[in-house]
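Structure, as structure tokens:
Every number here is computed from the coordinates shown, using simple stated rules; none is lab data. As the structure is a computational prediction, the values presented were derived from the model and not from experiment. Cβ placement follows ideal geometry from the backbone for every residue including glycine, while neighbour counts extend to all protein chains displayed.
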Amino acid sequence: MERRQRCTEEKQDRHKDSVIVMIITQMQYFFLFVASYVIVGVLTPIMRKIAISKEILDRPNSFHKSHLKPTPYLGGVAIILGVVFVTYSALIFSKLSASNYWLATSLLAPAIFMGLIGLWDDIKDLHPFPRFVGQTVAGVVVAIILILTSNFGTPTGSIAIDVFVTVIWIVGICNSINFFDNLDGGAAGTTAVSSIALTYLAIINDQNLIGALSLVLAGATLGFLIWNRSPARIYMGDAGALFLGVLIATLTIRLNPDTKSISASFATPILLLAVPILDTSVAVISRLRRKVSPFQGSKDHLSHRLMRSGISRKFTAVLLWALSAFFALLAIILNQNFPINELIILIFSGTIWLFLLIKFLNTHDS
């Protein structure tokens, strides 16, 4: 109990959202989840009709695309609208101070900005390299804002290192989620799993704003999943993938885990997003090994490799969700102060991740 109290006091010194008292009841958490789930579930088919009428479609016009007919984009717009509407509606009805609005905006604005870049790509179909450069520049700006406003969870004590780590994390996760969106329900389901685990970790560490927004994100992605599961009737597109990538990256970096060592603190967000990171690592290493540009699309992601082994599209998505849940559970165990040593958990999780990396790399490329 004393250790928990000390951790809480440290968080109050380190986090702006901990200084402001935000008491959220279980019923309020429930309504946040249900509201985002229902609103995105209702908005998604509307955005599907708009995408079809405006011909904003993902056409199977390259060999790395596995769908057989044009599929509408703009599912990401439904996710963005749902998350933003529920978040600010909750703030208004709760009659919170202006500081709370600023905290929510500091989390959502960067993600919305990246979502707009993604929407531009969905409509104009940008070339991969300038698109990546644009994402990277935006990611750097986001990281700098987070550092300047002290909106991160586990600082190292060095501003230079904090900036570097934050830039790498924001840009990396943003592109990992974007890369991972290559299978019906893959990115949406995995983000939902990570968000639910993040909600739990934030709540037990008294970071209610992080917990509430993570739960809203979970509800939104599950609401979208109704229409995105195989066979997908709509895709989130880059608008959704980049929005989710920046938001989940920002939320995880804002989390201040209840761990004994700084290595375990840094490992927690990595475990929460271990599967998208694994997917990107496999794809990039595979392409570099074949002397192919990392920006060039190819059927070398985890989903493609699993399906080439004979696993159905639907079950492939389930396997990836289960794998995400496994690593998320390890992140939760790491934060429970069980008698088992943190180092053992870190070695175990790292060994499993490296085994999967080698295993997938040894399967046949596209």
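Neighbour counts of C-beta atoms inside 10 Å place MET307, MET27 in the sequence MET27, MET307, starting with the fewest. Applied to the stretch 275-290, the Karplus parametrisation 6.51 cos²θ - 1.76 cosθ + 1.60 on θ = phi - 60° returns per-residue 3J(HN,Hα) values of 6, x, 5, 4, 4, 5, 4, 4, 5, 5, 4, 4, 5, 5, 5, 8 Hz, with x for Gly and Pro. Each Cα pair under 8 Å and six or more residues apart adds its separation to the average, and for the chain the resulting relative contact order is 23 percent. Rounded to the nearest 20, the Cβ-based charge dipole of the stretch 168-296 about its Cα centre (Lys and Arg +1, Asp and Glu -1) stands at 440 debye. A dipole drawn for the chain from +1 and -1 charges on Cβ atoms has a positive end, and of THR250, PHE129, ALA220 the residue lying farthest that way is PHE129. Listing ASP125, ASP162 from fewest to most neighbouring C-beta atoms within 10 Å gives ASP125, ASP162. A straight line joining the Cα centroids of the stretch 193-247 and the stretch 273-322 runs 21 Å. For the chain, the mean residue ellipticity at 222 nm estimated from helices alone is -25000 deg cm²/dmol, where every DSSP H run of n ≥ 4 contributes -39500 (n - 2.57) and the total is divided by all residues, rounded to the nearest 500. Could you tally the net charge around ILE332, taking each other residue with its Cβ under 14 Å from the Cβ of ILE332, Lys/Arg +1 and Asp/Glu -1? Cβ neighbours under 14 Å give a net charge of -2. Dipole check for the chain: with +1 at the C-beta of Lys and Arg, -1 at the C-beta of Asp and Glu, and the Cα centre as origin, the magnitude is about 940 Debye. The local environment of GLY350, defined by Cβ-Cβ distances under 15 Å, has a net charge of 0 under the rule Lys, Arg +1 and Asp, Glu -1. With Cα extents along the principal axes in Å defined as stated, name the option among [x] 58, 45, 36; [y] 74, 57, 47; [z] 69, 39, 37 computed from the structure displayed. For Cα extents along the principal axes in Å, the calculated option is [x]. Checked against a 26 Å cut-off, the cross-linked pairs LYS124/LYS299; LYS49/LYS314; LYS69/LYS314; LYS124/LYS291; LYS124/LYS314; LYS291/LYS359 give Cα-Cα distances beyond that limit for LYS124/LYS291; LYS124/LYS314.
Under 11 Å from the Cβ of PRO231, count the other residues' Cβ atoms, weight Lys and Arg +1, Asp and Glu -1, and hand me the total.
+4
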